[in-house]
Amino acid sequence: MIHRRTLLAASAVALAAPAIRAQGRVKLSMYYPIAVGGPIADIIDGYCREFASQSGIDVTPVYAGNYGDALTKSVTAIRAGQGPQMAVLLAAEMHSLQDLDVLVSLEEIGLDADGRKWMDGFYPAFLANSHVDGKTWSVPFQRSTAVQYYNKAAFAEAGLDPENYPTTWAGLAEAAQKLTKKDASGRVSRWGFKLASDLGNAQWTFGTLTYQAGGLLMNETGTETYFTRPEAVEAMTYWRSLSETGATPTGISAWPQLSPDFLEGNTAIIQHTTGNLTNLRDKAGFPFGIAGLPGKTAPRTAVGGGNLYFFKHANADERAAALSFARFISTPDRAADWCMKTGYIATRPEAWETPALKAYVAKFPAAGVAREFLPVATGELSTFENQRIQKALTDQIQACLNGTKTPVQAMHDAQVESDRILKPFRKA
């Protein structure tokens, strides 16, 4: 069945394309942060085929590994004169991409009144890393929030209410201690809670904790970080205390291992992305729940994931075609389809009102949980030289979790290195 809004979306794409087609079929490439093959690649390929049939514009996805790989490969290709016209990259890379001088803003491509209305229709939390200097630099697409997945059977076994998830730091710490399980020899057979602290993920975990304490990690322009503020030190202190009380393992927990540990019953709670929901739904052999992140006094979380960026080397027709594709993949029906097939959050409120997504949430309520926490979500760490800042922060987080530095010393050292890196970007 074709919904009316799908027909309207097709008409909008068709109206945007005649001038482009008149000069010959436009062909675009889009770098995308996943390995070749797999369900998400199949979904993206399908969207591109559908767009081509409606618009006459060819979009070829180039699957380029993880987000870091996609960023490096995009910039390298652009510098070599063979780059894509657009790419899905971390929303948090906005300032770094600006500094590389490879982006074109949506305003420069051309946003009429209808286009501005379309941009205003995204959830505000997903635009937190899109605006600077009065311009819009990316379109939300592959977006998520940090959530916690928990094993309801483990909760019941530990004497906890599976339908009453903790909403505060103290409650989470107490529950995680009870969920940690040891065998007769004292060896841990199930940890209560695991959070990612490896490079590329530690900053997201830390950002959520800092926001839960009432703080932020950086200014809007990406030229300052706030690692030594009391809220950041308190967040680091709480994170380290979880291992000191036996709720989490000491040292580093890597993102790729969290899902297997959860599915195998080796961890009762993991902090992960909403983009993992469909995977866990299909593979978990036990009942599980999804919850917003507890806070110091009330739940708070941070958004993550990727936005669609447009590159300035593209000519006017290619830019217009790329913007048409962005509007195509963000229509309510398509955003709903993306949400149901992947677990990523539909980025526009209208998507949640589509019959398909309403029926899906009614059948699988966990799919709607993350949306409820968008009003208490903030953007993730985003600065100039973002990857270098992430590395500096992660090194100090890991030193603290390994017990070689106190939270105060770790945050001091992270701030010193951050100040050194960001100094050239601050106005005199």
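Values as computed for the structure displayed
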| read-out | value |
| --- | --- |
| Additional length obtainable on full extension of the chain from Ala170 to Ala399, 0.36 nm per residue less Cα span | 80.1 nm |
| Three semi-axes of the equivalent ellipsoid, the stretch 46-98, Cα gyration tensor, whole Å, largest first | 23, 13, 11 |
| Acute angle (nearest 10 degrees) that the helix 386-401 long axis makes with the longest principal axis of the chain, alpha-carbon atoms | 10 degrees |
| Reachable aspartates and glutamates from Lys181, criterion Cα separation under 16 angstrom, eight or more residues apart if same chain | Glu157, Glu244, Asp261, Glu264 |
| Test item: Cα-centred dipole of the chain, Lys/Arg +1 and Asp/Glu -1 on Cβ, debye | 360 debye |
| Alpha-carbon Rg/Rh ratio, for the chain, with Rh computed the Kirkwood way | 0.98 |
| Order of Cys400, Cys48, Cys339 under a 10 Å beta carbon neighbour criterion, fewest first | Cys48, Cys400, Cys339 |
| Principal-axis tilt of helix 169-179 within the chain, Cα atoms, nearest 10 degrees | 70 degrees |
| Debye equation applied to the C-alpha atoms of the stretch 225-281, log10 I(q)/I(0) at 0.15, 0.20, 0.21, 0.22 Å⁻¹ | -0.59, -0.87, -0.91, -0.95 |
| Positive-end extreme of charge dipole, the stretch 219-312 - chosen from Thr273, Thr245, Thr228 (charges on Cβ) | Thr273 |
| Residue of Asn151, Asn164, Asn266 that the Gaussian network model of the chain assigns the largest fluctuation, springs spanning Cα pairs under 10 Å | Asn164 |
| 29 Å Cα-Cα reach of Lys312 towards lysines, excluding residues that sit fewer than 8 places from it in its own chain | Lys27, Lys73, Lys117, Lys135, Lys391, Lys423, Lys427 |
| Ranked His95, His412, criterion: other C-beta atoms within 10 Å, fewest first | His412, His95 |
| The stretch 321-404 - Rg (one decimal) and Dmax (whole number), Cα, Å | 18.3, 54 |
| Computed [θ] at 222 nm, deg cm²/dmol, the chain (DSSP H ≥ 4; -39,500 (n - 2.57); rounded to nearest 500) | -13500 deg cm²/dmol |
| Cβ-derived FRET efficiency at R0 22 Å, Glu220 paired with Asp101, nearest 0.05 | 0.65 |
| Share, in percent, of DSSP beta bridges within the chain that are antiparallel, nearest 5 | 65 percent |
| Overall dimensions of the stretch 73-230 as given by Cα atoms, namely Rg and Dmax in Å | 21.4, 68 |
| Linear extension gain, Ala156 paired with Val416, 0.36 nm per residue minus alpha-carbon span | 89.0 nm |
| Using alpha-carbon coordinates, inclination of helix 407-422 to the longest axis of the chain, degrees | 20 degrees |
| Taking N as its residue count, the alpha carbon Rg of the stretch 205-305 over 2.2 N^0.38 Å | 1.20 |
| Residue pairs, from the table Lys194/Lys363; Lys341/Lys363; Lys283/Lys341; Lys152/Lys178; Lys182/Lys363; Lys178/Lys363, whose Cα atoms sit over 25 Å apart | Lys194/Lys363; Lys182/Lys363; Lys178/Lys363 |
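Readers should treat all values here as calculations from the given coordinates under stated rules, not as data from a laboratory. Just so you know, these numbers come straight off a predicted model, no measurement behind them. Cβ coordinates were reconstructed from backbone atoms using ideal geometry, including for glycine residues, and neighbour counts include every protein chain displayed.
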